[in-house]
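J.: Before I ask anything, let me first share the structure, which is written out below as structure tokens.
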Amino acid sequence: MNSRFTKTAVWVGRFTFLFVFLLGCGASRQNGSVADEAINLDDLLGEDEMSQVGNESEQAEVLRLLGITPAEQQPQNADFTTISQRPDPDGMQADVDLLKQELSEKDKEIMQLRSELTDKELKISEMEAKTNVPAQPNVHFTGQLSEPSPQFKSRYQNALNQYKARSYNEAVSVFSELLLSEPNNTLSDNCQYWIGESYYGLINYNQAITEFEKVFSFPNSNKNDDAQLKLGLCYIRLGDKSQARAEFDRLLAIHPNSEYVSLAQKYIAKM
């Protein structure tokens, strides 16, 4: 505060001196040019010195009285601070990449779980097929075959349609009933064969093998070579390639004129 009062006193003294001086000059030189007699006010007032020394403190004092803080004088600095606080684009991209990687890993886990679920469903189907096996008839053959009755033929066709519709358990039931009702007609061996095919469709390969082998007990069956081929395929499904090859070799030896010879040879070549 003393410094402010001192500066103010100096300014007042200078203005007083200037006023007296101008009055004297005006009285002695009334006809002179005002421009020639004018004194540089800046020199007298110490304009440069005031600008350098007084302006900053004066401005600061005025701003203080107005309640303006130094931080409020620099709005641009605030803008710079705000900009510096904005999210870093490179950092955001890194986060996006990390999320993509995590999503990819989750997709792999889901695929693995789906694969495991499929395997379990397959095992469940196999177990259900084994538990739902209908009781097989004990068929006795006399060696003399007869023509099937119209009713037998109708039910046979119905069972065959069930098989084609993949209703394998229903097909097994009907074919088994037909064998019990008329075990010695010309369609009996076909009934036995389609029972084997139905178990093959149920992925119950062990039971299918048992049923296909029963086909050979029918005299002069037209399904012998079919059953022989399916035996080889059952063993392939069970992972027993050695036994599968033996069954295919038997087909070639016993049924050299069968329509399945080339297919059996193809399977053997791949083993």
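No value in this document is a laboratory result; all are computed from the given coordinates. Here the structure is a predicted model, which means the values were calculated and not measured. Quick reminder, even Gly has a Cβ in these numbers, built from the backbone with ideal geometry, and neighbours come from all protein chains shown.
J.: Which entries of Lys108/Lys164; Lys164/Lys214; Lys153/Lys214 show an alpha-carbon separation above 31 angstrom in the structure shown?
T.: Lys108/Lys164
J.: Ranked by Cβ crowding within 10 angstrom, fewest neighbours first, how are Asp90, Asp189 ordered?
T.: Asp90, Asp189
J.: Then there's this: Using a simple spin-label model with points 7 Å from Cα along the Cα→Cβ vector, what separation in nm is obtained for Thr210 and Ile254?
T.: According to this spin-label approximation, the distance is 2.0 nm.
J.: Report the charge-dipole magnitude of region 150-269 in Debye, nearest 20, computed about the Cα centre from +1 at each Lys and Arg Cβ and -1 at each Asp and Glu Cβ.
T.: 260
J.: Neighbour counts of other C-beta atoms within 10 Å: give me Leu99, Leu238, Leu229, Leu160 arranged from fewest to most.
T.: By the 10 Å Cβ count, ascending: Leu99, Leu238, Leu160, Leu229.
J.: Set the Förster distance to 41 Å, then compute FRET efficiency between Glu147 and Met271 from the Cβ-Cβ distance, nearest 0.05.
T.: According to the calculation, E is roughly 0.45.
J.: If you don't mind, there's one more thing I want to ask. Under the rule a/c < 1.5 gives rounded, and otherwise a/b versus b/c splits prolate from oblate, where does region 150-269 land using the Cα gyration tensor?
T.: prolate
J.: Tell me which GluC sites (Glu not before Pro) from region 177-271 have a DSSP coil assignment and no more than 14 other beta carbons within 10 Å of their own.
T.: Filter output for region 177-271: Glu259.
J.: Using the beta-carbon distance between Asn161 and Leu99 and R0 = 51 Å, what value does 1/(1 + (r/R0)^6) give for FRET efficiency, to the nearest 0.05?
T.: The computed FRET efficiency comes out at 0.40.
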